[in-house]
Amino acid sequence: MTSIARFATLALTVALAAAGFATAPVLAQTSAGPAASAAPARRGADAALVRALQDHVWTLQSATDAEGRAIDAVQVPGHPFVLRFEGARTSLRGGCNQMMGSWRLSARNELRFSQLAGTMKACETPLMNADRQMSALLTQPLQASMQPGEAPVLRLESASRQSLSFSGQRTPQSLYGKPTRIFLEVNAQTVPCQPGAGAPTQCLQVRERRYDEKGLRVGEPGPWQAFYSPIEGYQHEPGVRNVLRINRFQRPQAPADASRYVYVLDLVVESEIVAK
């Protein structure tokens, strides 16, 4: 079986650096607004708003210009932008590439993003254009406001009255606590499986990989196994092999018909097309 590189693979040292190892990430930078500090500003900032930002995953629901017209370029059907505030870090995914950086919130609830770094995939034109347009929207200071509730709404508005509206969903961290970081290699092809008493279906094939503090692989990968649980944030494409950096959370009390673990995609470390 031969393989063809689909796009430039992210260096494993980049993934491990973001995980806390002493290696500097080298990613493509996108345009962004005035530089933010390494940590979100809290002195004088609305503590409740800071907590709400960090405790939710924010999915773009609408984007409008000063006249109230939809900004269609950042609303590609089936590819909503998802924004996360993780401590001092922020990440944005939904177009072509994942973008990462830092953020700060002022005492007047003015939100600023640092210069963002992005992965370097090549995608269909609408998705790459969505990345560019969203980056442009984030180049300016944004006034943040929150509509609280079980599904809160975050509204970001620029001085030129462009508006982004996001709906919030609780993060696994806020529900389950600190995760365990693991790496899973996902086979290009799925396999038939039957989870528990459920109907037969197709499951991912995965095997665990391990790395040392220098980002070098350690030992042999584990055996291929059918993987019955969903991986939040990951959508498998048949014929494409991936290595994923995963945050694994343990449920305090798992339902009888569900895994005791919740798996959340943190980063696609490697990706390639595999020819049969």
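Every read-out reported here was derived from the displayed coordinates using simple, explicitly stated rules and does not represent laboratory data. Quick caveat: nothing in here was measured; it's all calculated off a predicted structure. Note that each Cβ is placed from the backbone with ideal geometry, even for glycine, and that neighbours are counted across all protein chains shown.
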(request) Average the reciprocal distances over every distinct pair of alpha-carbons in segment 31-170, invert the result, and give the Kirkwood radius in Å. (result) 15.0
(message) From the gyration tensor of the Cα coordinates in segment 206-256, what semi-axes in whole Å does the equivalent ellipsoid have, largest first, with each one equal to sqrt(5λ)?
(response) 23, 17, 12
(request) Take peptides 71-83, 100-112 and line them up by average Cβ neighbours within 10 Å, highest first, as a rough protection proxy. (result) 100-112, 71-83
(request) Go ahead and collect, in residue order, the members of segment 199-219 whose backbone nitrogen is under 19 Å from a label point 7 Å along the Cα-Cβ direction of Ser229. (result) 202-211
(request) Please work out whether segment 176-274 counts as rounded, prolate or oblate from its C-alpha gyration tensor, where a ≥ b ≥ c are the square roots of the eigenvalues and a/c under 1.5 means rounded, while otherwise a/b larger than b/c means prolate and anything else oblate? (result) oblate
